[in-house]
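Everything below concerns the one structure shown next.
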Amino acid sequence: MVAQQVEPQVYTPYRVSVEQYVTFREQGFLVVPGLIPPEDIQRFNTHVDNLLAGRETIPGIVSPPIDLPPEEKLKHWQRAHMLHRVLPLHEFFLLHPRTLDVLEALIGPDVLALQSMLFFKQPGQIGQGYHQDSYYIPTQPDTLCGAWVALDPATEENGCLWMTVGSQHEPIYPDDDGASPNGDRILGDIQPIRNASNTDETLNALTPVARKYAGREVSAEVQPGDVIFFGGHIIHRSHSNRSKTQSRRSFVGHYCNARSFVPWNHGMPYEGDSANDQHILARGSTHLPYAQPRFGTPCAANQPERYGARPAPKKPQSMMPARNGLLIITPHADEPHDEKGVM
Ligand SMILES: O=C(O)CCC(=O)C(=O)O
C-alpha cells in the first residue's frame, strides 16, 4: 500500500501555562495530557498495525516476511528512526501543530525539527538504559527537547519512561569508549562514562550519576495522546515490556531552538560544519539554513506568514535611572546611534 499524503486539519491551539513552564524546568520534564486528539492516535496506530502485518511498507526497509506467524511479525521491529523522511504520516506527527505549540513555549519561539523515532515495544521487547539525549544529538547552544507521544497506555508493567528528577541540571557526560564525540568535555573534573543506554546498571556508567538523585526517579505513566516533553540533559530510561499482551508503542520527536547550531544528521553525511539545512523549520524563523518538509506538512518553512510571523522589532530601549533614582525603561537618547544599534 502506498503511503498517503495527510490532509491539513485545523486544531485548537494549545497554550502552555506558567505552572507548566515552571514544572518543565523544575522536574526536567512535563506531561501534557490529551495533547494529540484521539482520531490522530487512532490513525497512527492503524498505520503501525499495518506495518507490523506487512500491509504497509517502509521504503528502503525490509518488512516482516509474509509467511511469518502473526505473533512473530509483531516482533520484527523494535524501533525505527527518521521515518519522517520517507513517510508523510511521520512527517505530520513530527510537525503536529499541538506538539509545536508546546515546544514554541518551552524552547522556542523558533523551533527546528530534527529527528523522529517509532517504538514498537511489543510484550517481551527490551527497554533502553540510563542515557541523556544530548549525548546522541548535539545542539549548540544545547536546546534539545524530546516530545514522547504515547500511542498505547504506557505503564510500569509494559515499559513506560522513568525520569530522574534533578538530573536535568547535570552536564552531558562524554564517554571514553568512543561511542559518541559529544559531551561537556570542557569541565575539569568530569568523569567520562561508558555504555550509555545499556540496560545493565552495573555496566552503564551513568548509574552512579543517577544514584545522586536517589528517591527522585519517577515513572511517567501516560495514556494515548498524552505527550511527555523532556530536555536533552535529564537522565532517563525505560524497562522491558513485562506484560503478556499490552504493546507500548510511542512516537518520539526531537527538536531544538532553530537558532542553535546542529552538527548532527543522524549519522548521515552533511556539508560544512552544521547540518541545520537537513532539518525542518517547524515554527518561527532563523538566521541559519533549514530544510523544507518533504511531504508538504504545513509549518514555518513552507508557511512563514502563518507559522513564522513575529512581531516587528520595537524601537531600542534601555533600563536607565530616573530622576528619583529608580530604574525605568526609556527610549535611547541618542537617536542616530540607536538606529545603528550603537550604545
Ligand atoms: O521509549 C523508550 O523506551 C525510550 C525512549 C527514550 O529514551 C528517548 O526517546 O530518549
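The values are calculated or read from the model by the stated rules, or taken from the named source; none is laboratory data. A quick note: this is a predicted structure, and the numbers were derived from the prediction, not measured. Reconstructed Cβ throughout: ideal geometry from the backbone, glycine too, with neighbour counts over all protein chains shown.
Among the candidates Gly146, Gly108, which residue alone is assigned by TED's automatic domain parsing to the domain that holds Phe24, part of a strand (DSSP E or B) and modelled with pLDDT of 95 or more? Spell out the reasoning first.
Numbers: Gly108 fails: part of a strand (DSSP E or B).
One residue alone meets the criteria, Gly146.
Restricted to segment 136-145, and to residues that are within 11 Å of the ligand (Cβ to nearest atom) and surrounded by fewer than 24 Cβ atoms within 10 Å (Cβ to Cβ), which residue is nearest to Leu288 (Cα to Cα)?
Ranking the candidates gives Ile137 first.
Quick one: count up the residues across segment 17-38 that are within 10 Å of Leu106 (Cβ to Cβ) and surrounded by fewer than 19 Cβ atoms within 10 Å (Cβ to Cβ).
3
Output the residue which, of all residues in segment 200-223 that are in a strand (DSSP E or B) and β-branched (Val, Ile, Thr), is farthest from Asp175 (Cα to Cα).
Restricting attention to segment 200-223, the residues satisfying the condition of being in a strand (DSSP E or B) are 217-220, 222.
Still in the list and also β-branched (Val, Ile, Thr): 218, 222.
Values: Val218: 25, Val222: 32 Å.
The residue in question is Val222.
For the list (1) touching a Leu at 6+ places or on another chain (Cβ under 9 Å); (2) loosely packed, with under 13 Cβ neighbours inside 10 Å; (3) among the acidic types (Asp, Glu), I need the number of the one condition that Glu72 fails.
So the condition that Glu72 fails would be (1).
Can you tell me which residues in segment 269-286 are over 20 Å from Arg310 (Cβ atoms) and not in a loop (DSSP other than H, G, I, E, B)?
Asp277, Gln278
So how many residues does segment 229-257 have that are within 13 Å of the ligand (Cβ to nearest atom) and within 14 Å of the chain's Cα centre (by Cα)?
Total meeting the criteria: 13.
Suppose the filter is polar (S, T, N, Q), under 24 Å from Arg79 (Cα atoms) and either within 14 Å of the ligand (Cβ to nearest atom) or assigned by TED's automatic domain parsing to the domain that holds Arg79 (or both); does Ser260 pass it? So that I can check it myself, show each step before the final result.
Values: polar (S, T, N, Q): yes; under 24 Å from Arg79 (Cα atoms): no; either within 14 Å of the ligand (Cβ to nearest atom) or assigned by TED's automatic domain parsing to the domain that holds Arg79 (or both): yes.
No; evaluated as a whole, the condition is false for this residue.
Could you say which residue among Ser247, Ser243 is out of contact with any Phe, Trp or Tyr (no Cβ under 6 Å at 6 or more places or on another chain), farther than 21 Å from Ile172 by Cβ, crowded, with 21+ Cβ neighbours inside 10 Å and of a type in the set (Ser, Thr, Tyr)? Show your work before the answer.
Values: Ser243 fails: crowded, with 21+ Cβ neighbours inside 10 Å.
On inspection, the qualifying residue turns out to be Ser247.
Out of His47, His84, I need the residue that is surrounded by 22 or more Cβ atoms within 10 Å (Cβ to Cβ) and either in contact with a Leu (Cβ under 6 Å, 6 or more places away or on another chain) or farther than 27 Å from Ala258 by Cα (or both). Which one?
Numbers: His47 fails: surrounded by 22 or more Cβ atoms within 10 Å (Cβ to Cβ).
Of the residues listed, the single one that is surrounded by 22 or more Cβ atoms within 10 Å (Cβ to Cβ) and either in contact with a Leu (Cβ under 6 Å, 6 or more places away or on another chain) or farther than 27 Å from Ala258 by Cα (or both) is His84.
Considering only segment 224-261, state which residues are assigned to a strand (DSSP E or B) and more than 24 Å from Asp49 (Cα to Cα). Before you say what the answer is, go through the steps one by one.
Of all residues in segment 224-261, those assigned to a strand (DSSP E or B) come to 227-231, 236-238, 250-257, 261.
Result: Phe229, Phe230, Gly231, His236, Arg237, Tyr255, Cys256, Asn257, Phe261.
With a cut-off of at least 3 residues that are under 21 Å from Val227 (Cα atoms) and under 23 Å from the mean Cα position of the chain (by Cα), name the helices (runs of 4 or more DSSP H) lying wholly within segment 10-103. Let's see the steps before the verdict.
Numbers: elements: 18-27, 38-53, 70-73, 88-94.
It comes to 18-27, 38-53, 88-94.
Name the residue, out of Ala80, Ala53, that is in contact with a helix residue (DSSP H, G or I) (Cβ under 7 Å, 6 or more places away or on another chain) and not acidic (Asp, Glu). Show your work before the answer.
On the way: Ala80 fails: in contact with a helix residue (DSSP H, G or I) (Cβ under 7 Å, 6 or more places away or on another chain).
Testing whether each residue is in contact with a helix residue (DSSP H, G or I) (Cβ under 7 Å, 6 or more places away or on another chain) and not acidic (Asp, Glu) leaves just Ala53.
Among the candidates Trp162, Trp148, single out the residue that is of a type outside the set (D, E, K, R) and surrounded by fewer than 20 Cβ atoms within 10 Å (Cβ to Cβ). Can you show your working first?
Working: Trp148 fails: surrounded by fewer than 20 Cβ atoms within 10 Å (Cβ to Cβ).
Just one listed residue meets the conditions, Trp162.
Given the criterion touching a strand residue (DSSP E or B) at 6+ places or on another chain (Cβ under 7 Å) and crowded, with 18+ Cβ neighbours inside 10 Å, identify the matching residue among Val218, Val209, Val227.
On the way: Val218 fails: crowded, with 18+ Cβ neighbours inside 10 Å; Val209 fails: touching a strand residue (DSSP E or B) at 6+ places or on another chain (Cβ under 7 Å).
So the residue among Val218, Val209, Val227 that is touching a strand residue (DSSP E or B) at 6+ places or on another chain (Cβ under 7 Å) and crowded, with 18+ Cβ neighbours inside 10 Å is Val227.
Restricting to segment 187-228, name every residue that is away from the ligand (no atom under 13 Å from the Cβ) and of a type in the set (A, V, I, L, M).
Leu187, Ile190, Ile193, Leu203, Ala205, Val209, Ala210, Ala214, Val218
Within segment 218-230, does at least one residue satisfy the condition of being on the phi > 0 side of the Ramachandran plot, assigned by TED's automatic domain parsing to the domain that holds Pro153 and of a type in the set (Ser, Thr, Tyr)? Quick ask: steps written out before the conclusion?
First, pick out the residues of segment 218-230 that are on the phi > 0 side of the Ramachandran plot: 225.
Checking which are assigned by TED's automatic domain parsing to the domain that holds Pro153 leaves us with 225.
Add one more test, that the residue is of a type in the set (Ser, Thr, Tyr), and what stays is none.
No: segment 218-230 contains no residue that is on the phi > 0 side of the Ramachandran plot, assigned by TED's automatic domain parsing to the domain that holds Pro153 and of a type in the set (Ser, Thr, Tyr).
Tell me which of these Gln317 doesn't satisfy, since it passes every other one: (1) surrounded by 21 or more Cβ atoms within 10 Å (Cβ to Cβ); (2) not assigned by TED's automatic domain parsing to the domain that holds Val48.
Gln317 satisfies every listed condition except (1).
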